[in-house]
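Engineer: What follows is a single structure, and I will ask about it in a moment.
Taken together, the values in this text are just the output of simple stated rules run on the coordinates, not laboratory data. What you see is a predicted model, and the numbers here were worked out from it, not measured in a lab. Cβ sites come from the backbone with ideal geometry, for glycine too, and all protein chains shown count toward neighbours.
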Amino acid sequence: MARLAMIIDTKLCVGCQDCVAACKTENNVPLGFTRDWITYETIGKYPDLNMEIRSERCNHCEDAPCVTCCPSGASQIAEHLGGIVWVDHDLCTGCKACMASCPYDARFIHPDGYASKCTFCMQRVVENQLPACVSVCPTNCMYFGDLENPNSEVSLLLKERKYHTLKPEAGTGPQIYYLT
C-alpha cells in the first residue's frame, strides 16, 4: 500500500509563493482563503542564526486528529490514494471540530459551509500527476512520492539528507518533511 508524502527542501525554497498561486488556481480556492502558505522562521541564537523558508499545508497525518474527531465522518483518510487526508463536502456540517483538533492550522471553512484543506490535489494524483504546487515550483524544492517505495525520490532524499517535521510532539505522524 502506498504512503504519499511531500518533501520541501528549505535550502532551495525562496518563498516565491508560486505554490500558493498554483493551489488557488487548481483548486478554485476562494479569495481570502488559502490551502497552503509560506512561513519564514529564524532558527538559532545570535550570532549563529539561519532563516528557514517553508511552504506549509495540511500534513496528511498518519494519525490524523481531524479524522478521529469528525462527528459526521466527513474528514477521511483515502488509504487507496496513499493516505491522503480529505473532506467529503457532502458530509461536512461545518462544525469546526477538525479545525480545533489540527495542530497545523491547515483548515478553513469554505464560504459554502464546509471545511476545506490541501488534498495533495487528489484530482491530479488519481491521474498520476504531481500536485499543482510541486509541478510549478521554479526552484524545484518540492518533491512528492511514495514512501513505501524504497527507491522513490522521496524515500532516497529522507535517507540522504537531514530533515524535520513540524510539531512532532503532537504525535500525528505528519507526511510533510522539511530538508535542512
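Engineer: In what sequence do Ile8, Ile38 fall when counting other Cβ within 10 Å, fewest first? Walk me through the intermediate numbers first.
Structural biologist: Numbers: Ile8 25, Ile38 16.
If I rank by nearby Cβ atoms, fewest first, I get Ile38, Ile8.
Engineer: Order by neighbour count: Ser75, Ser155, fewest other Cβ atoms within 10 Å first, most last. Write out the running numbers ahead of the final one.
Structural biologist: On the way: Ser75 26, Ser155 18.
Listing Ser75, Ser155 from fewest to most nearby Cβ atoms yields Ser155, Ser75.
Engineer: Throw me the Rg/Rh for the chain, computed over C-alpha atoms with Kirkwood Rh, two decimals.
Structural biologist: On the way: Rg = 16.0 Å, Rh = 16.8 Å.
So for the chain, dividing Rg by the Kirkwood Rh gives 0.95.
Engineer: Separate question: Mind checking the full-extension length gain between Leu91 and Asn50? Use 0.36 nm per residue of separation minus the Cα-Cα distance, one decimal, nm. Write out the running numbers ahead of the final one.
Structural biologist: On the way: separation 41, 0.36 × 41 = 14.76 nm, distance 4.39 nm.
Contour length minus Cα-Cα distance gives 10.4 nm.
Engineer: Residue by residue, what Karplus-based ³J(HN,Hα) values in Hz, rounded to whole numbers, does segment 160-171 have, using 6.51, -1.76 and 1.60 with θ = phi - 60° and x for Gly and Pro?
Structural biologist: Calculated HN-Hα couplings, in order: 8, 10, 6, 8, 8, 10, 8, 6, x, 5, 6, x Hz.
Engineer: Between Thr39 and Glu62, what length in nm is gained on full extension when 0.36 nm per residue of separation is reduced by their alpha carbon distance? Write out the running numbers ahead of the final one.
Structural biologist: Numbers: separation 23, 0.36 × 23 = 8.28 nm, distance 2.30 nm.
Full-extension gain reported as 6.0 nm.
Engineer: Would you mind calculating the relative contact order of segment 122-180 from Cα pairs under 8 angstrom and at least 6 residues apart, reporting the percent as a whole number? Can you show the working numbers first?
Structural biologist: Values: 48 pairs, mean separation 10.8, N = 59.
Worked out over segment 122-180, it gives 18 percent.
Engineer: Starting from the amide H of Tyr163, placed 1.01 Å from N in the peptide plane, find each other amide H under 5 Å away whose residue is 5 or more places distant or on another chain.
Structural biologist: Thr180
Engineer: Here's a follow-up. Of the lysine pairs in segment 4-179, how many meet both conditions: Cα atoms under 22 Å apart, and a spacing of 8 or more in sequence or different chains?
Structural biologist: Counting lysine pairs in segment 4-179 gives 12.
Engineer: Of all DSSP beta bridges located in the chain, what percent are antiparallel, nearest 5?
Structural biologist: On the way: 23 of 27 bridges.
So the antiparallel bridges in the chain amount to around 85 percent.
Engineer: What is the chain's relative contact order, in percent, from Cα pairs under 8 angstrom and six or more apart in sequence? Spell out each step's value before the answer.
Structural biologist: Values: 357 pairs, mean separation 56.8, N = 180.
This gives 32 percent for the chain.
Engineer: Something else about it: Taking neighbour counts of Cβ atoms within 10 Å as a proxy for exposure, in what order, fewest first, do Cys16, Cys137 appear?
Structural biologist: Numbers: Cys16 16, Cys137 22.
Least to most surrounded, the residues fall as Cys16, Cys137.
Engineer: Build a GNM of the chain with springs between Cα atoms under 10 Å: which of Ser101, Ser55, Ser116 gets the top mean-square fluctuation?
Structural biologist: Ser101
Engineer: Long-range amide H contacts for Gln17: which residues qualify at under 5 Å (H placed 1.01 Å from N, peptide plane, sequence gap of 5 or more or a different chain)?
Structural biologist: Hits under the 5 Å cutoff: none.
Engineer: Name the GluC sites (Glu not before Pro) in segment 81-180 that are in a loop by DSSP and that have at most 11 other C-beta atoms within 10 Å, would you? Before the final figure, lay out the partial values.
Structural biologist: Values: sites: Glu127, Glu148, Glu153, Glu160, Glu169; in loops: Glu127, Glu148.
Of the GluC sites (Glu not before Pro), the ones in loops of segment 81-180 whose Cβ has at most 11 other Cβ atoms within 10 Å are Glu127.
Engineer: Here is a further query. Just how large is the dipole of segment 4-179 about the Cα centre, in debye to the nearest 20, putting +1 at every Lys and Arg Cβ and -1 at every Asp and Glu Cβ? Before the final figure, lay out each step's value.
Structural biologist: Values: 14 positive and 21 negative charges, 75 e Å.
Value, rounded to 20: 360 debye.
Engineer: If each DSSP helix of 4+ residues adds -39,500 (n - 2.57) and the sum is divided by the residues in the chain, what number results at 222 nm, nearest 500 deg cm²/dmol? Working shown, then result.
Structural biologist: On the way: 6 runs with 35 residues, N = 180.
It comes out at -4500 deg cm²/dmol, rounded to the nearest 500.
Engineer: Inverting the mean 1/r over all pairs of different Cα atoms, compute the Kirkwood radius of segment 106-180 and quote it in Å. Present the calculation step by step, with values, prior to reporting the outcome.
Structural biologist: Numbers: mean 1/r = 0.0693 Å⁻¹.
About 14.4 Å, per the Kirkwood formula over Cα pairs.
Engineer: Quick one: 3J(HN,Hα) in Hz for segment 110-119, Karplus 6.51/-1.76/1.60 with θ = phi - 60°, rounded, Gly and Pro as x.
Structural biologist: Once θ is set to phi - 60°, the couplings for segment 110-119 become 4, x, 7, x, 10, 6, 9, 6, 4, 10 Hz.
Engineer: If Lys and Arg each add +1 and Asp and Glu each add -1, what is the summed charge of the other residues whose beta carbon sits under 12 Å from the beta carbon of Cys58? Please list the in-between numbers first.
Structural biologist: Numbers: positive: Arg35, Arg57, Arg107, Lys117; negative: Asp36, Glu56, Asp105.
Around Cys58, the surrounding residues sum to +1.
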